[in-house]
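**Q** Provided herewith is a single structure, encoded as structure tokens, for subsequent inquiry.
The values are calculated or read from the model by the stated rules, or taken from the named source; none is laboratory data. Model, not experiment: these values are computed from the prediction. All Cβ positions, even for glycine, are placed from backbone atoms using ideal geometry, and neighbour counts span all protein chains on display. Protein only, heavy atoms only, side chains kept; ligands, DNA and RNA dropped before computing areas. Shrake-Rupley method; radii C 1.70, N 1.55, O 1.52, S 1.80 Å.
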Amino acid sequence: MLRALLLILSVVAIAHAELCKPDAQNAFKVRISIKTALGDNAYAWDANEEYLFKAMVAFAMRRYSSKSTTQISNVLLCNVTDRVSFWFVVTDSSKNVTTVPGSEVEAAIRMNRNRINNAFLLSDKTLQFLKITSTLSPPVEPSTPVWLIVFGVVLCLIVAGIVFLIVSGIQKHKKKNKESTERENLEEKVEVTLENGIPCEALDIKAGHINGVFAADDDRFTSL
């Protein structure tokens, strides 16, 4: 009887070894960085922590499916390293010689990721399921509604356009008045009048005007 029991246990152990190994079907690798996460408060990864991990995976499977009867003994760990990395599989509780499909295990882990992280005081970055994508944090909603932001931008553009038109109009008006004033001054200086049908420049009353003929005569008589 004892020999038969030992034989059964050895067969089960061999079967489990075949089920849980690197890159086996439905197997997942886990990498844990306790020192990075907790620093001086880091705890040692030992058999108790492994038991807790198995319990959390079994909990996740049972919570994911109400029909699941996964026990802690159905979670197998293998290839555990000192740098805290290992592989695990979940065996079928009804047969115990086959593994639960990886898609179901992944869905259960994703559903309960925060609970698992909190159990070990870790996060998605320090408790990594390498074949399972990290859970996404809910999108951060802006404190100001989007429509209000868009309305404010449009309103600012409209105000800027109105200010630009007003400033441009004022500048054009000033430029027009300046050109008009300069044109009037120029016309006053170069005003031409007709005298006996011959155009001549308007006389400057204050400065007077010297007749060129008499000026020549004055010079001739002066020289005598």
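**Q** Restricting to the stretch 110-120, what's the tally of residues that are in a helix (DSSP H, G or I) and without any contact (Cβ under 8 Å) to a residue 60 or more places away in the chain? Show your work before the answer.
**A** Narrowing the stretch 110-120 to residues in a helix (DSSP H, G or I): 110-111, 113-119.
If we keep only those that are without any contact (Cβ under 8 Å) to a residue 60 or more places away in the chain too, we end up with 110-111, 113-115, 117-118.
Total meeting the criteria: 7.
**Q** Among (1) more than 17 Å from Arg115 (Cβ to Cβ); (2) touching a residue at least 12 places away in the same chain (Cβ under 8 Å); (3) touching a Lys or Arg at 6+ places or on another chain (Cβ under 8 Å), where does Met56 come up short?
**A** (1)
**Q** Let me ask you something else. I need every pair where a residue in the stretch 38-51 that is under 16 Å from Ser85 (Cβ atoms) has its Cβ under 7 Å from the Cβ of a residue that is part of a loop (DSSP other than H, G, I, E, B), sequence separation at least 6 or different chains.
**A** These pairs meet every condition: Trp45/Val84.
**Q** Hey, among the residues in the stretch 84-97 that are in a loop (DSSP other than H, G, I, E, B) and touching a residue at least 24 places away in the same chain (Cβ under 8 Å), which one's nearest to Thr126 (Cα to Cα)?
**A** Of the residues in the stretch 84-97, the ones in a loop (DSSP other than H, G, I, E, B) are 84, 92-97.
With the extra rule that they be touching a residue at least 24 places away in the same chain (Cβ under 8 Å), the set shrinks to 84, 93-94, 96-97.
Values: Val84: 11, Ser93: 30, Ser94: 33, Asn96: 31, Val97: 31 Å.
The qualifying residue nearest to Thr126 (Cα to Cα) is Val84.
**Q** Shifting gears a bit: Which ones in the stretch 183-197 are open to solvent by less than 80 Å² (accessible area, probe 1.4 Å) and at pLDDT 65 or above? Give the derivation first.
**A** First, pick out the residues of the stretch 183-197 that are open to solvent by less than 80 Å² (accessible area, probe 1.4 Å): 185, 193, 197.
Correct list: Asn185 only.
**Q** Would you confirm whether any residue within the stretch 1-24 is open to solvent by 60 Å² or more (accessible area, probe 1.4 Å), among the polar types (S, T, N, Q) and modelled with pLDDT under 95?
**A** no
**Q** Right, something else. Write out, first by first residue and then by second, each pair whose Cβ atoms fall under 7 Å of each other, whose residues are 6+ apart or on separate chains, and whose first residue, in the stretch 24-37, is without any contact (Cβ under 8 Å) to a residue 60 or more places away in the chain while the second is of a type outside the set (S, T, N, Q).
**A** Pairs found: Lys35/Ala42.
**Q** Run down Ser180, Ser168, Ser137, Ser143 and say which single residue is within 60 Å of the chain's Cα centre (by Cα), assigned to a loop (DSSP other than H, G, I, E, B) and modelled with pLDDT of 55 or more. Working first, answer last.
**A** Values: Ser180 fails: assigned to a loop (DSSP other than H, G, I, E, B); Ser168 fails: assigned to a loop (DSSP other than H, G, I, E, B); Ser137 fails: modelled with pLDDT of 55 or more.
None of the other options fit; the residue is Ser143.
**Q** If you take the residues of the stretch 70-98 that are polar (S, T, N, Q) and at pLDDT below 90, which of them is most open to solvent (accessible area, probe 1.4 Å)?
**A** As a first pass, look at the stretch 70-98 and keep what is polar (S, T, N, Q): 70-71, 73-74, 79, 81, 85, 91, 93-94, 96, 98.
From what's left, at pLDDT below 90: 93-94, 96, 98.
Details: Ser93: 50, Ser94: 93, Asn96: 54, Thr98: 55 Å².
For the stretch 70-98, the residue satisfying everything is Ser94.
**Q** I would also like to ask the following. If I ask for residues that are in contact (Cβ under 8 Å) with a residue 40 or more places away in the chain, farther than 18 Å from Gln128 by Cβ and not polar (S, T, N, Q), which ones from the stretch 59-83 would you list?
**A** Correct list: Phe59, Met61, Arg63, Tyr64, Leu76.
**Q** Residue check, Arg31 against (1) at pLDDT 95 or above; (2) surrounded by 14 or more Cβ atoms within 10 Å (Cβ to Cβ); (3) assigned to a helix (DSSP H, G or I); (4) not polar (S, T, N, Q), all met but one. Which one?
**A** (3)
**Q** Applying the selection to the stretch 113-123, what residues are surrounded by fewer than 17 Cβ atoms within 10 Å (Cβ to Cβ) and of a type outside the set (Gly, Ala, Ser)?
**A** Of everything in the stretch 113-123, those that are surrounded by fewer than 17 Cβ atoms within 10 Å (Cβ to Cβ) and of a type outside the set (Gly, Ala, Ser) turn out to be Asn114, Arg115, Asn118, Leu121.
**Q** Going through the stretch 61-75 one residue at a time, which ones are in a helix (DSSP H, G or I) and touching a strand residue (DSSP E or B) at 6+ places or on another chain (Cβ under 9 Å)? Full working, then the answer.
**A** Restricting attention to the stretch 61-75, the residues satisfying the condition of being in a helix (DSSP H, G or I) are 61-64, 72-74.
Once the filter is applied, which keeps residues that are in a helix (DSSP H, G or I) and touching a strand residue (DSSP E or B) at 6+ places or on another chain (Cβ under 9 Å), the stretch 61-75 yields Met61, Ser73, Asn74.
**Q** Could you pull out the residue among Arg110, Arg62 that is out of contact with any helix residue (DSSP H, G or I) (no Cβ under 7 Å at 6 or more places or on another chain), open to solvent by 80 Å² or more (accessible area, probe 1.4 Å) and within 17 Å of Asn26 (Cα to Cα)? Give the derivation first.
**A** Values: Arg62 fails: within 17 Å of Asn26 (Cα to Cα).
From the options Arg110, Arg62, the qualifying one is Arg110.
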